[in-house]
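Novice: One structure follows; several queries about it will come next.
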Amino acid sequence: MFTDEKWSSSKNWFIAAVIWIIIGMSMGLLTAAKQIWPDLLNNRWTTYGHIRSAHVMLVIYAWLSMAYVGSMFYMIPKLAKTKIYSEKLGNFSLVFYNIVILEGFFALLDGQTSVIEYGEFPLWVDVQLLIAIVIVAYNLFKTVGQRTEKMLYVSLWYFLGSLLWLPLTWIVGNFPAQWIPSGVQQGLMGWFLGHNAIGLWMTTVGVGQIYYLLPKLTGRPLYSHQLSMIGFWAIATFYVWNGPHHLMNGPIPSWISKAGVIPSIVLLIPVWAVLANFWGTMKGSWAQTRTNVPLRFTMAGTIFYLFACLQGPLQALPSVSSVIKFTHWTVGHAHMGPFGAFSFTSFAAIYYILPKIVGREMFSKKAMEAHFWFSTVGFLVFAFSLWIAGVVQGFAWIEGVPFLQTVLMMEPYVQGRAIGGTMMYVAQFFLAWNMYKTIKVAKQEKKQQALHQAVTA
Amino acid sequence: MERKPSAVLMVALILWMFGVAGTVILPLFDQEINSATASGELRNYPEDSAEAKGREIYIQNGCQTCHTQFVRALPADTNQNLGPVSQGGDYKYDLPHLLGSNRTGPDLMWVGLKYNEDWHRQHLIDPQSTSPGSIMPSFDYLTNKELDDLVAYLMSLKPTEERLAEYKKEREEQNSMNDK
């Protein structure tokens, strides 16, 4: 029942991912709209809290994670110079993973939540998602196991690490919390997941993608192998410790706070190492970003990654946190990694890989351009609205402005966010349409070719 | 190591375990967050009590996505008059915890001090009637029973009398210092 056609699992994970980005972002847009019109679609199922949770979980675990798996099902065999261990299992895991995501989606709309941010699915969904992730990891580990290229390129390090860390982190965040009898302790576990779903999955797979794509797209070798090793091990060492900064200035003992804050600041080291490596590789190739959309997406992604990683350590300083924590700023920051940096690199991965799989270039270059500009401009409008809003809001609270008045002050920014968000959302239809056309036309061309060959033979 | 995936995985696992030990396991042995304060005891609701059920309704309707329960010793919180600074032990029985991460609406750590039952009920059914300009959605889809439970939970979010008295005294001292 499941096909073992070459590259089919990579292609199918990408298709599912793009369907989910449309669904997940429509939830996000609805969340933004509800902050303008609070009673829009307000009922027991689609009340604000449910839609916001569904948005967060779907864009991370449905869209982005599926795009990541799609990339890895192509990049890992390529780097290992072998084929995927089992395309059949890859396609099976896709169907299973999607069923679990659907279950999680409906559970959230039904008000079943474990409250853990970035791990909001209830326990019965968590268990199944863990199994799905383990099946994917097994398939990819086996693929690495049968490699014919002995040297492990740096992307493989990142992918291997991420595939190990995600299931483990998922376990720590979701399972013991159900039985540990203390709220703050549970908060620490939850934020261990909350931060490391980003640090040890989103960041590390995304960085692995960039390491793969840059030399391919520019035709230049990686700037420094040494530097990429330093970056990898520094991320692996320090990212894990970041969870506690989410409870900054709060009900945690100061030693835990310090154990979280110091590594958060030290993270500047791997980020600079990684970026120096990317931009070193780019030397002399920047002009190509004018015409090469996947390369432009990748580079815009690295720039947003830099911004996100400048904000992150700064936000971990108690003084900065005391102004912006709990404000709209956080929401702006939280979108920069997942959207600005790593959705962009995933778009680049799709635009690079899909043509290789279907055997024809992307159907429309104009649609790719539109996708890029709507995504980028939309995101900038969205993010700057939220950042300005956050700072204004944070200082208004410090001034002692009554809370309700600060809500009214936020109105124009909340509207700006929704406008930027609409552009980000519209952009994704260019991606989906372009993908659909590419796959369809490629099929027709293959058919015609076969016909032609049959006639001339 | 550049040829051995198992070695990469091994070291990656060990580094990950250090992080777990430091930020998840060690805190288990910390008294400050693992023993309840007197105000924390007040949140140890008996099973099937209206408050316990109300807490479930709070969670099911996603109140925690917009409201924190998290008061810091910072100007942003003291100047908003949020009440006593919360301590680790206040959350001992808070399962799952409702600390929150975003204040689209105000903090609710001690919201029980601020309004009465009727206000809460009216506010849940028609938020804009009590708070003009509020962007909270209406919860008029809840049944009467559910609203009762939710209001009971919200009203229970209070510190002990002693903690409150202490807090008020501290504020007065601070205000008089500021006046000078």
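Read-outs: derived from the displayed coordinates by stated rules, not from any lab. Values in this document were obtained by computation on a predicted structure and should not be read as measured data. Heads up, the Cβs are rebuilt from the backbone with ideal geometry, glycines too, and the neighbour counts pull from every protein chain shown.
Novice: Averaged over peptide A:44-51, how many Cβ atoms belonging to another chain are found within 10 Å of each residue's Cβ?
Specialist: Mean number of neighbouring Cβ atoms from other chains: 5.
Novice: Averaging the inverse of every distinct alpha carbon separation and then flipping it gives the Kirkwood radius. What is it for the range A:336-457, in angstrom units?
Specialist: 17.3 Å
Novice: From the square roots a ≥ b ≥ c of the eigenvalues of the alpha-carbon gyration tensor of the range A:360-410, which class results: rounded (a/c under 1.5), prolate (a/b over b/c), or oblate?
Specialist: prolate
Novice: Continuing with the same structure: Between A:V134 and A:I265, take the C-beta separation as r, use R0 = 56 Å, and let me know the FRET efficiency to the nearest 0.05.
Specialist: With R0 = 56 Å, the Cβ-Cβ based efficiency is 0.95.
Novice: Taking 0.36 nm per intervening residue step and subtracting the Cα-Cα distance, what contour gain separates A:V320 from A:K81 on full extension?
Specialist: 81.3 nm
Novice: Which loop trypsin sites (Lys or Arg not before Pro) in the range A:281-383, with loop taken from DSSP, have no more than 11 other Cβ atoms within 10 angstrom of their Cβ?
Specialist: A:K283
Novice: Please compare each pair in A:K6/B:K4; A:K88/A:K437; A:K356/A:K443; A:K81/A:K142; A:K11/A:K366 to a cut-off of 20 Å on the Cα-Cα distance and tell me which ones are over it.
Specialist: A:K6/B:K4; A:K88/A:K437; A:K11/A:K366
Novice: For each of A:M66, B:M17, count neighbouring Cβ atoms within 10 Å of the residue's Cβ, then give the residues from fewest to most.
Specialist: B:M17, A:M66
Novice: I would also like to ask the following. Relative to the first principal axis of the alpha-carbon coordinates of chain A, what is the inclination of helix A:411-456, with its axis defined by its Cα atoms, in degrees from 0 to 90 and to the nearest 10?
Specialist: 10 degrees
Novice: Below 8 Å between Cα atoms, with a sequence gap of 6+, how large is the relative contact order for chain A in percent?
Specialist: The normalised contact order for chain A reaches 15 percent.
Novice: While we're looking at this one, here's another question. Restricting to DSSP H runs of at least four residues, report the calculated mean residue ellipticity at 222 nm for chain A, -39500 (n - 2.57) per run over all residues, nearest 500 deg cm²/dmol.
Specialist: Value at 222 nm, helices only: -25000 deg cm²/dmol.
Novice: Counting other Cβ atoms within 10 Å, which trypsin sites (Lys or Arg not before Pro) in the range A:122-176 have at most 16 and lie in a DSSP loop?
Specialist: Answer by residue number: A:K150.
Novice: Helix B:5-20 versus the longest principal axis of chain B: what is the Cα-based angle in degrees, 0 to 90, to the nearest 10?
Specialist: The answer is roughly 40 degrees.
Novice: Further question: Where Lys and Arg each count +1 and Asp and Glu each count -1, what net charge lies around A:T169 among other residues with Cβ under 14 Å from its Cβ?
Specialist: Combined, the nearby Lys, Arg, Asp and Glu give -2.
Novice: In whole Hz, with x marking every Gly and Pro, tabulate ³J(HN,Hα) for the range B:34-45 from phi via Karplus 6.51 cos²θ - 1.76 cosθ + 1.60, θ = phi - 60°.
Specialist: 10, 10, 6, 7, 4, 5, x, 4, 4, 9, 8, 6
Novice: Moving on. For the range B:37-179, what's the radius of gyration and Dmax over Cα atoms, in angstrom?
Specialist: 15.5, 49
Novice: For A:V136, A:V377, A:V56, which order do you get if you count the other beta carbons within 10 Å of each Cβ and list the fewest first?
Specialist: A:V377, A:V56, A:V136
Novice: Would you check the range B:37-179 for Lys pairs whose C-alpha atoms are within less than 26 Å, ignoring same-chain pairs closer than 8 in sequence, and give me the count?
Specialist: Summing the qualifying lysine pairs gives 15.
Novice: Hey, another quick one. Can you give the alpha-carbon Rg of the range B:67-149 over 2.2 N^0.38 Å, where N counts its residues?
Specialist: Ratio of Rg to 2.2 N^0.38 Å for the range B:67-149: 1.19.
Novice: Using only alpha carbon positions, build the gyration tensor of the protein assembly as shown, then give the equivalent ellipsoid semi-axes as the square roots of 5 times its eigenvalues, largest first, whole angstrom.
Specialist: 44, 26, 23
Novice: Return the loop-located chymotrypsin sites (Phe, Trp or Tyr not before Pro) in the range A:115-179 (DSSP other than H, G, I, E, B) with at most 11 other Cβ atoms within 10 Å of their own Cβ; answer none if there are none.
Specialist: Here the sparse-neighbourhood loop sites are A:W179.
Novice: Then there's this: Exposure proxy check: A:D126, B:D179, B:D118, B:D148 ranked by fewest other beta carbons within 10 Å?
Specialist: Going from sparsest to densest Cβ surroundings: B:D179, B:D118, B:D148, A:D126.
Novice: Could you work out the longest stretch of chain A that avoids the GluC sites (Glu not before Pro) located in DSSP loops with at most 15 other Cβ atoms within 10 Å?
Specialist: A:150-360
Novice: Related question: Specify whether the C-alpha gyration tensor of the range B:88-130 places it in the rounded, prolate or oblate class, a ≥ b ≥ c being the square roots of the eigenvalues: rounded for a/c under 1.5, otherwise prolate if a/b is larger than b/c and oblate if not.
Specialist: Prolate is the answer for the range B:88-130, as a/c is 1.5 or above and a/b outweighs b/c.
Novice: Compute the acute angle (0 to 90°) between the alpha-carbon long axis of helix A:48-57 and the principal axis of greatest extent of the alpha-carbon atoms of chain A; round to the nearest 10°.
Specialist: The angle comes out near 40 degrees.
Novice: Residue by residue through B:59-71, how many Cβ atoms from other chains fall within 10 Å of the Cβ on average?
Specialist: 6
Novice: Picking from B:D126, B:D77, B:D48, which is most flexible by a Gaussian network model of chain B using Cα springs under 10 Å?
Specialist: B:D48
Novice: Further question on the same structure: Residues with beta-carbon under 9 Å from that of B:S138, excluding B:S138: net charge, scoring Lys, Arg +1 and Asp, Glu -1?
Specialist: Local net charge: -3.
Novice: Here is a further query. If you bin every alpha carbon distance in the range A:389-449 into 10 Å steps from zero, what whole percent lands in each bin?
Specialist: For the range A:389-449, the binned pair fractions read 19, 25, 17, 14, 11, 9, 5, 0 percent.
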